[in-house]
Amino acid sequence: MKTAVVLFNLGGPDDVQAIRPFLFNLFNDPAIIRVPRVFRYLLAQLISRKRAPVAAKIYDRLGGKSPLLDNTKAQAAALQDVLGEGFQTFVCMRYWHPMTEAVVQDVMAYAPDRIVLLPLYPQFSTTTTASSVKKWQEIAGKQGLNVSTTTACCYPTHPDWVQAVAVKIGEKVDNFQGTRVLFSAHGLPESIVKQGDPYQWQVEQTVAAVVAALNVPDLDYQICYQSRVGPMKWIGPSTESAIERAGAEKKNLVMIPIAFVSEHSETLVELDIEYRHLAEEAGVPQMIRIDTVGDHPLYIGALADVVKKTLACGGAVCSPPQRCPKTFSGCPCAG
């Protein structure tokens, strides 16, 4: 039996010319800008044109392109090695190449007996996992891909994913005295969370599990949110305010990207450069940034386990199953 495993991720521009169309695709997604289609199109044009020069400076620091695709391909290759014979992994990006239309064609050429959709987002959000799944279903239907398909919903507390984060922390930190740990996740508008999006709650579950795995008595830690865009109110506290507070209290910082599993602009530029500069200005004595899990064997093992349990259960797998998003209600088992 042949199984196609489709790894979902955000995507990123592969050269300078791709920056504006990438941004347009992002902001033209109804899961991101929740207004009628005609207004969303106009807003996406406006925002992408305005933000493209700023984004170009960010990607210039990364050699002119996002490293996300290469990092995701490495994760896909590692996962295929673990899954073994009968499995084929495919990388599918939401907002830039390889995009859903092309990947559906690739999967059709492979002619699988079954498909597993696997988000590289440990925590579910309507803006990430649900958006990718909806797009896949739309394009697969149009192109005639009629194969049994199941979706791995989320795995915010999978023990191997949690342990991979703990191991990454241990590679750089062995003494937390005088230190505050900041778990920084990508933010969301508060209105989306109020509509029932479980992302913030699942981030909190991930952090609680990682803190338990670290087993450090009286660990000083805080959850914060980065990458705010636009004038609307976002969930908080912001990573910027958390850094400024730590500086005022003369706390060393350990910065952990808790909702990202591979390096890209939000980690390599926002955390490593912009927030490090802010920390210096705020008077933070020392800041250490923990690497993302990437293709660490524990994380790849977690993904493989999620795939196998999704197939075994015959439906979406959520870990933990509580507060499962309505899109994937009735999960038959926990991941």
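Values in this text are rule-based calculations from the coordinates and carry no lab data. Bear in mind the structure is a predicted one, so any value in this text is a computation, not a measurement. A quick note on method: Cβ atoms are made from the backbone with ideal geometry, for glycine too, and the neighbour counts reach across all protein chains shown.
Ignoring solvent entirely, what values of log10 I(q)/I(0) come out of the Debye formula for region 128-228 at 0.24 Å⁻¹ when each Cα is a single scatterer?
-1.31
Rounded to the nearest 0.05, what FRET efficiency is calculated for ASP15 and LYS233 with R0 set to 35 Å and r the Cβ-Cβ distance? Provide the component values of the computation, followed by the final result.
Numbers: r = 35 Å, r/R0 = 0.99.
Here the calculated transfer efficiency is 0.50.
Return the whole-Å distance between the Cα centroid of region 121-195 and the Cα centroid of region 236-277.
18
Based solely on C-alpha atoms, express the radius of gyration and the Dmax of region 162-289 in angstrom.
Looking at region 162-289, its Cα Rg and Dmax stand at 14.2, 40 Å.
Give me the angle, in degrees from 0 to 90, between the Cα long axis of helix 37-60 and the longest principal axis of the Cα atoms of the chain, rounded to the nearest 10.
Around 60 degrees separate the two axes.
Taking every DSSP beta bridge with both residues inside region 162-289, roughly what % is antiparallel (nearest 5)? Present the calculation step by step, with values, prior to reporting the outcome.
Working: 1 of 17 bridges.
Taking every DSSP beta bridge with both residues in region 162-289, the antiparallel ones total about 5 percent.
Taking a ≥ b ≥ c as the square roots of the Cα gyration tensor eigenvalues, with a/c under 1.5 meaning rounded and otherwise prolate when a/b beats b/c, else oblate, which class fits the chain? Let's see the in-between values first.
Details: a/c = 1.68, a/b = 1.26, b/c = 1.34.
Here the chain falls in the oblate category.
Under 10 Å, Cα contacts only: if you run a Gaussian network model on the chain, which one of LYS65, LYS309, LYS233 comes out with the highest mean-square fluctuation?
Maximum fluctuation in the GNM of the chain, among the listed residues, is at LYS233.
Just the number: Rg to Rh for region 1-91, Cα atoms, Kirkwood Rh, two decimals. Provide the component values of the computation, followed by the final result.
Numbers: Rg = 16.7 Å, Rh = 15.0 Å.
With Rh from the inverse mean 1/r over Cα pairs, Rg/Rh is 1.11.
If the cut-off is a Cα-Cα distance under 30 Å, which lysines reach LYS309, setting aside same-chain residues fewer than 8 apart in sequence?
LYS2, LYS73, LYS134, LYS135, LYS142, LYS168, LYS326
Per residue of the chain, what 222 nm ellipticity follows from adding -39500 (n - 2.57) for every DSSP H run with n ≥ 4, rounded to the nearest 500? The partial results should precede the final answer.
Working: 11 runs with 144 residues, N = 335.
Rounded to the nearest 500, it is -13500 deg cm²/dmol.
Among DSSP beta bridges lying fully in the chain, give the percent that are antiparallel, nearest 5.
Values: 1 of 38 bridges.
Approximately 5 percent, going by the DSSP bridge assignments.
For the pair ILE273/ALA212, report the inter-label distance in nm, with labels modelled 7 Å from Cα in the Cβ direction.
Roughly 3.9 nm, to one decimal.
For VAL147, project a label point 7 Å along Cα to C-beta. Then give me every residue of region 1-28 with its amide nitrogen under 20 Å of that point.
The answer is 1-9.
In region 236-290, how does Rg compare with the Kirkwood Rh, expressed as the Rg/Rh ratio over alpha carbon atoms?
Numbers: Rg = 10.7 Å, Rh = 11.2 Å.
Value, to two decimals: 0.95.
Around THR179, what is the net charge, scoring Lys/Arg as +1 and Asp/Glu as -1 over all other residues with Cβ under 9 Å from its Cβ?
Details: positive: ARG180, LYS251; negative: ASP220.
The answer is +1.
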